[in-house]
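Enquirer: After the C-alpha cells below, expect a handful of questions from me.
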Amino acid sequence: MKEFHRTTVCFFTALFVVTALTACGNAGNPDGNTSDPPGNKQADTAPPKPVTVTMFNQSNGISDDRLQQFILEPLKQKLPHVTFEVVKDAKGTTMDELVAAGNFTDINYGSNPQFPPYLLKELQYDMNDLVKKHNLDLNRFDPTFINAVKTFDDKGKLYAIPFSTNLGVLIYNKDIFDRFGVAYPKDGMTWDETVELGRKLTRTQDGINYIGFDPGVATDIGQALSLPYVDTQTMKALVNNDQWKKIFDMLKRAYAVPGFVNAGKYDYGTGGFIKDRNVAMRPIWALQIMNAKSDLANVNWDVVSLPNFKEDLGQGREVDIHMLAISNVSKNKDAAMDVIKAITSDEVQRLMSEYGTPTVMKNEEIKKAYGSKLPEYKGKNVQAFFKTTPRVPHVITRYDATVRTEINNGRKDIATGNKDVNTLIREIQEKSDQKLSEMK
C-alpha cells in the first residue's frame, strides 16, 4: 500500500487519537454537498461545535494503514470538527473492561461473526431512527449485507451499518500449471472439478512435493452452505447430517489423491501457497490476498471464483462484513452517525475498492474499480470476487466456536485414513454435545 500523508495522531497505551486541525469547505456535511442551504441564514452556516467520537476496534479488525486511509483521512476532510479516538482491543482495554468501567465507546467496529459478545453485553442500539434522521440511504448498500445485519433481530431493528466486506476466491499459481502443462482453472468450477484438476498437479519433482489443491479447513467449506453449528433450544450440535457428510466426502477425495499426504502432513495452509510455493490452488479471502500482496509479488498468481458443490454453484461463502455499530451508551449518537455516513459515502467506498477492500455497496462502478490502484493486481481476474453471491449467514451463537473446533480437528482422521466419514461425523457430534452440555 502506498504511503499516505498522515494527520496528527497521538498514541498512548491502546488508544490513538486523531484531531483534524484545519477547516474544510464542507464542514458538517458528510456527503460533501457544498451548496448553500435554503435562505443562506447565518445560523444555518455556523460551524458545528467540536465533538469527540470514540470507536472500539474489536479484535483489532482494522489495520492501522486501513484505519488511516479509509477513516481518519476522510474524517479530517469531511468532519474537521470531530476528534476521532480509536480504542484497540488489548489488555486493559477489552470490551469487558471498558463496560465494567462504564467507559465503552460510541461505535463498535467488528465483524458479524464477532457480534454475539457485543449483544451479550447488551450494548446494541437500534439505529433505524438515526438512519432516517441523517438521511442515510440504505438502498445504496447491497441488500445481502443489510439483510445479514438484520439477522441479529427478528423485529426489524438495525444494530449496525456495513462498512466493508470480505469475499472468497480460489487463488492459483500459474507457474505450477505451466510447469506440468495443465490448463488453468476457470470461474464457476465445482469442488469435484477442482479436486480432479488438483490431481493432475500433485506429484514430486526435483525434490519438491507439489500439492495440486489444498481445500483448507472444513468449516470454510461449510460457509458456502450457510451451515449452522448449534441448536440452542436443545444445546445439541448440528453435525451429524447429510450436509456435513457431503463436505467430509469431498475432503476425503482431496486427501486421497496420491502424494497429497506426505509424512502425515495434510494441511499446507496459506503459507504453502504464498511462501513455500508448492501448492497450486487454495481457497482464500480477498483481504488475505491484499494483506499478503508484498509476499505474493514473488508468486505468479491469479484467481477464479470460489468453487462450490454442483447444486450450489454461484453461491460464495457466508457474508463476512465489518460493521459500525453505535452503542446504547454513546453520548454522541448524532455525531457518531455523521461519522458513519461520511465513511460509507461513495467517495470513500470507491477508495476502499481501488485499494483492495471489497465494497458493501451495490454500485457496479465501485466494484469495477476493485484493486485498480494496486499494481500487484494489474492483469489479474479480480472481478472473480464478485462472481459469487455471498450467502446470508447462519444464526451465529456464542457456542459455535466449540463445534467448529471439533469439526476442523476431525480432518486429520480423514486425511490419514484412520476413520470413515460416517464414523467421524458421529464422533464429532458426540464430542461436541458433551462439551456443549458443560456450557449450559
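Enquirer: If you put +1 on each Lys and Arg Cβ and -1 on each Asp and Glu Cβ, how big is the dipole of the chain around its Cα centre, in Debye rounded to 20?
Expert: Taking the Cα centre of the chain as origin, the dipole is about 420 debye.
Enquirer: Quick one: length gained pulling Arg253 to Lys310 fully straight, 0.36 nm per residue minus the C-alpha distance? Mind dumping the intermediate values first?
Expert: Values: separation 57, 0.36 × 57 = 20.52 nm, distance 1.56 nm.
Length difference between fully extended and current span is 19.0 nm.
Enquirer: Further question on the same structure: When you have a sec, figure out the Kirkwood radius of region 50-193 from all distinct Cα pair distances and drop it here in Å to one decimal?
Expert: For region 50-193, inverting the mean 1/r across all distinct Cα pairs yields 18.5 Å.
Enquirer: Something else about it: Just to be sure I understand: of the beta bridges DSSP finds with both ends in the chain, what percent are antiparallel, rounded to 5?
Expert: Once the DSSP bridges in the chain are tallied, antiparallel ones form about 70 percent.
Enquirer: What FRET efficiency would be calculated for the residue pair Ala401, Lys49, taking the C-beta separation as r and a Förster radius of 30 Å, to the nearest 0.05?
Expert: The computed FRET efficiency comes out at 0.10.
Enquirer: Looking at this model, which pairs from Lys275/Lys310; Lys78/Lys121; Lys157/Lys236; Lys133/Lys157; Lys387/Lys412 are more than 21 angstrom apart at the alpha-carbon? Please report the intermediate quantities before stating the final value.
Expert: Working: Lys275/Lys310 32 Å; Lys78/Lys121 32 Å; Lys157/Lys236 28 Å; Lys133/Lys157 15 Å; Lys387/Lys412 32 Å.
Long pairs (Cα-Cα over 21 Å): Lys275/Lys310; Lys78/Lys121; Lys157/Lys236; Lys387/Lys412.
Enquirer: Here is a further query. In what order do Thr105, Thr405 fall by count of nearby beta-carbon atoms within 10 Å, going from fewest to most?
Expert: Ascending Cβ contact count within 10 Å gives the list Thr405, Thr105.
Enquirer: Another question, then. What length, rounded to one decimal in nm, is gained on full extension from Lys435 through to Asn291, with 0.36 nm per residue of separation minus their alpha-carbon distance?
Expert: So the chain would gain 48.3 nm between Lys435 and Asn291.
Enquirer: Relative to the present Cα-Cα distance, how much length would full extension add between Val99 and Glu122 at 0.36 nm per residue of separation?
Expert: Roughly 7.3 nm would be gained on extension.
Enquirer: Next question, about the same structure. Over the C-alpha atoms of the chain, what are the Rg and the largest Cα-to-Cα span, Dmax, in Å?
Expert: 23.6, 79
Quick note: the coordinates plus some simple rules give every number you see, no bench work behind them. The shown structure was predicted, so the numbers you read here are calculated from the model rather than taken from an experiment. Please note: Cβ atoms are built from the backbone with ideal geometry, for glycine as well, and neighbour counts cover all protein chains shown.
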